[in-house]
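Beneath this line is the structure, given in structure tokens, with notes to follow.
Every number here is computed from the coordinates shown, using simple stated rules; none is lab data. This one's a predicted model, so the numbers in the text were calculated from it and none came from an experiment. We place every Cβ from the backbone using ideal geometry, glycine too, and count neighbours over all the protein chains shown.
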Amino acid sequence: MKDVDGIYDRDPKEHPSAKLIEEITVAELADRNLPTLPFDRILLELLGSARQVTRFQVINGLKPELLEPALRGERVGTIVRRDASD
């Protein structure tokens with residue numbers, strides 16, 4: 001949970017027309033080399049080598065109404081997957 005709605009193709013604070021990325025793999029995110037992310041980049045390395053965790057979801061913690069849908073598996077924010085098969 002962060003103070004943003006997910007991961008964007010550009011920094012939404014600097015670019016109001018930035019588009020939300022609904023789902024992306026670790027490799028795709030690395031290829032984009034975005035200058036800012038709402039989490040520490042080491043998380044991408046950890047997810048890439050994790051055995052049990054295959055994805056995580058970035059949602060806006062300032063919008064508590066999003067937590068329940070996210071826990072139900074609904075698309076809220078951005079889903080980061082280890083790879084395309086996850």
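Data overview
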quantity: Those residues of region 44-54 which are within 17 Å of GLU23 (Cβ to Cβ) and either free of Cβ contacts under 8 Å to residues at least 24 places away in the same chain or in contact with a Leu (Cβ under 7 Å, 6 or more places away or on another chain) (or both), in sequence order; calculated: LEU44, VAL53
quantity: Residue that is nearest to ASP3 (Cα to Cα), among those in region 67-86 that are surrounded by 15 or more Cβ atoms within 10 Å (Cβ to Cβ) and out of contact with any strand residue (DSSP E or B) (no Cβ under 6 Å at 6 or more places or on another chain); calculated: VAL76
quantity: Of all residues making up region 1-41, the number that are part of a loop (DSSP other than H, G, I, E, B), in contact with an Asp or Glu (Cβ under 7 Å, 6 or more places away or on another chain) and either of a type in the set (Gly, Ala, Ser) or buried (at least 18 other Cβ atoms within 10 Å of the Cβ) (or both); calculated: 1
quantity: Qualifying residue in region 51-70 (condition: within 13 Å of the chain's Cα centre (by Cα) and in a helix (DSSP H, G or I)); calculated: yes
quantity: Selection count where residues are in contact with a helix residue (DSSP H, G or I) (Cβ under 9 Å, 6 or more places away or on another chain) and either among the hydrophobic types (A, V, I, L, M, F, W, C) or surrounded by 13 or more Cβ atoms within 10 Å (Cβ to Cβ) (or both), scope region 44-53; calculated: 4
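Yes/no per residue for (1) free of Cβ contacts under 8 Å to residues at least 60 places away in the same chain; (2) not aliphatic (A, V, I, L, M):
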residue: LEU20; (1), (2): yes, no
residue: ASN33; (1), (2): yes, yes
residue: PHE56; (1), (2): yes, yes
residue: ILE59; (1), (2): yes, no
residue: GLU68; (1), (2): yes, yes
residue: GLU74; (1), (2): yes, yes
residue: THR78; (1), (2): no, yes
